[in-house]
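Colleague: Sharing a structure with you now.
The values are calculated or read from the model by the stated rules, or taken from the named source; none is laboratory data. Just so we're clear, the structure is a prediction, and the values are computed from it rather than from any experiment. Neighbour counts run over all protein chains shown; Cβ positions are idealised from the backbone, glycine included.
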């Protein structure tokens, strides 16, 4: 195992239990939600799981279609449909790579697929590089077109005789699309619940928002998804993670020093990976090395940029609440914060929904990511 930061891996460390549960849910056609805070390794768990499942499958990250405080639904649906069609073509042409099919027989392949499905109510546009599917806005109601589009994976699955797997990461961002298309989640639930040959997996880091979406009777996805919670590494797993990483790299270490790292980074896989990479210049990972690297991480331009970017996206009240908690060491009551009760409640609600803080007891909150708590004290 090598330390890797900044991108998911399809070989996550010590996540066999979560992978086995997710695999079981997919095979029984149970809609599933993978929930956990940022940088915890949700995407890696999903990639490892779907890697071992032999069926047409697509993965799409909804966050890529966020524009400020709005959501580009048309681009999302276009890309979503393109991936579904591309996967179908791969199964229709199993001996040829998709890129080759596009360049050599793209338009013919789409025509074949259209004939196969009898799918004529959507407009297709294809060039030598990509497939784009656009809703025909000149014909009928946009919700009618989206209903048809949402049926696309089920129709294709039936025609090619293969069950489909659809994975939507950072699913909570689709909620923004309801600003322009109220009732979108109702449309999705209305179609998805009758798709016998399509399995849906969603994931997200906005824990509070997702829990409300899935557990409130007023929400369209009430009692639809089975939740799988991804937690930070335990102290034991964190220690084994660092030990195996340094063993792979041929780096010596002092176990007491590693325990200090674990206490400071609290089992967040991304930060443990970053620490491991920064430690490769140490001859021995000892107390001197550890303290220097942890201090450097507090001012590291990559890490501070990540924290600052996420902080800047918060509402005004949420910023004040999380900064106040950071200045109290990352945990405490909000007594003394210069905000009115309604502003405090709005800020707390936003931070819990987005997975930045947790309520520990009445009136007491803590910042979930310890590195965020430390960095926000000084920025």
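Colleague: Among the residues of segment 195-235, write down those that are in contact (Cβ under 8 Å) with a residue 40 or more places away in the chain and either in a loop (DSSP other than H, G, I, E, B) or more than 30 Å from residue 269 (Cβ to Cβ) (or both).
Modeller: Passing the criteria: 195, 196, 197, 198, 205, 206, 224, 225, 230, 231, 232, 233.
Colleague: So which residues in segment 164-194 are part of a loop (DSSP other than H, G, I, E, B) and crowded, with 20+ Cβ neighbours inside 10 Å?
Modeller: 170 - this is the single residue of segment 164-194 that is part of a loop (DSSP other than H, G, I, E, B) and crowded, with 20+ Cβ neighbours inside 10 Å.
Colleague: Which one of these is outside the structural domain of residue 204 (by TED's automatic domain parsing) and crowded, with 16+ Cβ neighbours inside 10 Å: 340, 332, 363?
Modeller: Residue meeting the stated conditions: 332.
Colleague: Let me confirm something: among 263, 320, 243, which residue is loosely packed, with under 13 Cβ neighbours inside 10 Å, under 28 Å from the mean Cα position of the chain (by Cα) and not in a loop (DSSP other than H, G, I, E, B)?
Modeller: Testing whether each residue is loosely packed, with under 13 Cβ neighbours inside 10 Å, under 28 Å from the mean Cα position of the chain (by Cα) and not in a loop (DSSP other than H, G, I, E, B) leaves just 263.
Colleague: Take the residues in segment 306-317 that are surrounded by 14 or more Cβ atoms within 10 Å (Cβ to Cβ) and over 12 Å from residue 375 (Cβ atoms), then tell me which one is modelled with the highest pLDDT.
Modeller: Checked segment 306-317; the qualifying residue modelled with the highest pLDDT is 317.
Colleague: Based on what the data block shows, is residue 236 within 30 Å of residue 26 (Cα to Cα), surrounded by fewer than 17 Cβ atoms within 10 Å (Cβ to Cβ) and at pLDDT 95 or above?
Modeller: yes
Colleague: Also, I was wondering about something else. Residue check: is residue 275 touching a strand residue (DSSP E or B) at 6+ places or on another chain (Cβ under 8 Å), farther than 23 Å from residue 21 by Cα and surrounded by 19 or more Cβ atoms within 10 Å (Cβ to Cβ)?
Modeller: In short, no.
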